[in-house]
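Below is one structure, written out as structure tokens, with a few remarks after it.
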Amino acid sequence: MTFPTRRAVLGLAFSTSLLAGCAPALLVPPERGGSDLGLVIERESGSIGVLDTSARTRLGTIDGLGDLSHASVVFARDGARAYIFGRDGALTKVNLRTGRIEGRVMQAGNSIGGAISQDGTLVVAQNYQPGGIKVFDARTLAPLADIPALVDGKASRVVGLADLPGQRFIFSLFDAGQIWIADLSQPTRPVLTKFEQIGKQPYDALVSPNGRHYIAGLFGEDGLAMIDLWAPQPRVQRILPGYGKGEQPLPVFKMPHLRGWSIAGRHAYLPAIGRREVLVVDTDSWQEVGRIPVAGQPVFVMARPDGRQVWVNFAVPDYDTVQVIDTQTRQVVHSLKPGKAVLHMEFTPRGDTVWISARDDHHVSVIDTASFRTLAVLPAKSPSGIFFASRAARTGF
């Protein structure tokens, strides 16, 4: 295994790399906990920046992570270790406190994300090529199970993977139009439950914060597929069918990310594919109860942790803009332009700040969610996803 270069960072400046063979200093002092750590993906350089959300600083850099053009991250229960799923099929375990790679496996040819089990012992990767999911021991990255997504002899790309209580994982098959649940109580002997004919081309999905509802967006048709996982006999229910009926959709420049959908109080806020609207849905009836016009085609629609605000970013040509919706009035109350090519947003656990990546301006902005003031601007090379260790305590993240 090739160990990464780690660059210590003081303030906003990058310093020189450690000499090969030198024992690395800790990025985080031993007396500090890990719950306020985070990372930002630097997609073009195959590196991550390690973040301190309390001090609003960048602590260091971990290199050598491969193709991060569509990378996603989950955290171990201690918040100090992260598992990074690269587009090239690599699964990498990093220690944010030391700035070191602790394990790395090339597990597929094309991967777009993963999940970690309720007890933190299993890590699962979802794959485009060869399709299916693969299960690994979270401590050692030893392979435990390979579950091909085969329907009628044809492999399907897997999307929308999420963890469920009880060592279970749920995922969608884009090409086959199905949803599967894998019970990994015995990891080497997975038990599958399959839901067929759920709709055309499920492209991403989310699990509600309480773990009850799994909702898959459909690219091939207007509408969504939902499963109530608490039901005695779960089944697929279609919601919001034909939400764009009678309207001419715009060309879709970037697919919405459903993991960025929001549930605030009793309402869900969802991006409308190919439209300049955010849909408001009552989560008791799962009926549409409103639409909010916004500046462009939404990509991420993310609620502040207290549910009072929803922040929205957009596809091209509006990807320099972020808008804030007040959930009481369902009105846009603020617009800002934090940089060119805004790709991702992440709230601190109690929602005092939101961190926003601007890929083409090579920085991450830290914004006060009450005053909308910029509190810090941190350097990052073509940043995309921002992930905080607080995700370790949340289902579906």
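Mind counting the residues in region 289-311 that are among the β-branched types (Val, Ile, Thr) and within 14 Å of residue 268 (Cβ to Cβ)? Qualifying residue count, region 289-311: 4.
How about region 322-352: which of its residues are of a type in the set (Ser, Thr, Tyr) and under 18 Å from the mean Cα position of the chain (by Cα)? Answer for region 322-352, where residues must be of a type in the set (Ser, Thr, Tyr) and under 18 Å from the mean Cα position of the chain (by Cα): just 348.
Checking 160, 113 one by one, the residue that is farther than 27 Å from residue 29 by Cα, crowded, with 23+ Cβ neighbours inside 10 Å, in contact with a helix residue (DSSP H, G or I) (Cβ under 8 Å, 6 or more places away or on another chain) and small (Gly, Ala, Ser) is 160 and no other. Would you mind stating whether residue 270 is assigned to a strand (DSSP E or B) and at pLDDT below 95? The answer is yes for residue 270. Given the condition loosely packed, with under 15 Cβ neighbours inside 10 Å and at pLDDT below 90, answer yes or no: does some residue in region 229-237 qualify? Within region 229-237, none of the residues are loosely packed, with under 15 Cβ neighbours inside 10 Å and at pLDDT below 90. Taking each residue of region 142-158 that is closer than 14 Å to residue 191 by Cα and looking for partners that are acidic (Asp, Glu) with beta-carbon atoms closer than 9 Å, six or more apart or interchain, yields 144/137; 149/175. If you go through region 84-104 and pick out every residue that is within 28 Å of residue 155 (Cα to Cα) and either assigned to a strand (DSSP E or B) or touching a Leu at 6+ places or on another chain (Cβ under 8 Å) (or both), you end up with 9. Of the residues making up region 274-282, not a single one is buried (at least 16 other Cβ atoms within 10 Å of the Cβ), touching a Ser or Thr at 6+ places or on another chain (Cβ under 8 Å) and not in a loop (DSSP other than H, G, I, E, B). Is it the case, given these coordinates, that residue 362 is at pLDDT 95 or above, closer than 26 Å to residue 391 by Cα and not aliphatic (A, V, I, L, M)? Yes.
For region 350-397, enumerate the residues that are part of a loop (DSSP other than H, G, I, E, B) and touching a Lys or Arg at 6+ places or on another chain (Cβ under 7 Å). Across region 350-397, the qualifying residues are 351, 362, 369, 382, 397. Could you list, in sequence order, the residues of region 345-372 that are surrounded by fewer than 20 Cβ atoms within 10 Å (Cβ to Cβ), of a type in the set (Asp, Glu) and within 20 Å of residue 394 (Cβ to Cβ)? Across region 345-372, the qualifying residue is only 352. Which of the residues that make up region 44-74 are under 17 Å from the mean Cα position of the chain (by Cα) and surrounded by fewer than 16 Cβ atoms within 10 Å (Cβ to Cβ)? Passing the criteria: only 69.
Is region 6-13 home to any residue that is surrounded by fewer than 23 Cβ atoms within 10 Å (Cβ to Cβ), under 24 Å from the mean Cα position of the chain (by Cα) and either modelled with pLDDT under 80 or not hydroxyl-bearing (Ser, Thr, Tyr) (or both)? Scanning region 6-13 turns up no residue that is surrounded by fewer than 23 Cβ atoms within 10 Å (Cβ to Cβ), under 24 Å from the mean Cα position of the chain (by Cα) and either modelled with pLDDT under 80 or not hydroxyl-bearing (Ser, Thr, Tyr) (or both).
Identification of strands (runs of 3 or more DSSP E) wholly contained in region 105-217 with 1 or more residues that are among the charged types (D, E, K, R) and within 21 Å of residue 229 (Cα to Cα) yields 158-164, 168-173, 178-183, 191-195, 202-207.
The values are calculated or read from the model by the stated rules, or taken from the named source; none is laboratory data. The model shown is predicted, which means the values in this text are computed figures rather than measured ones. Cβ coordinates were reconstructed from backbone atoms using ideal geometry, including for glycine residues, and neighbour counts include every protein chain displayed.
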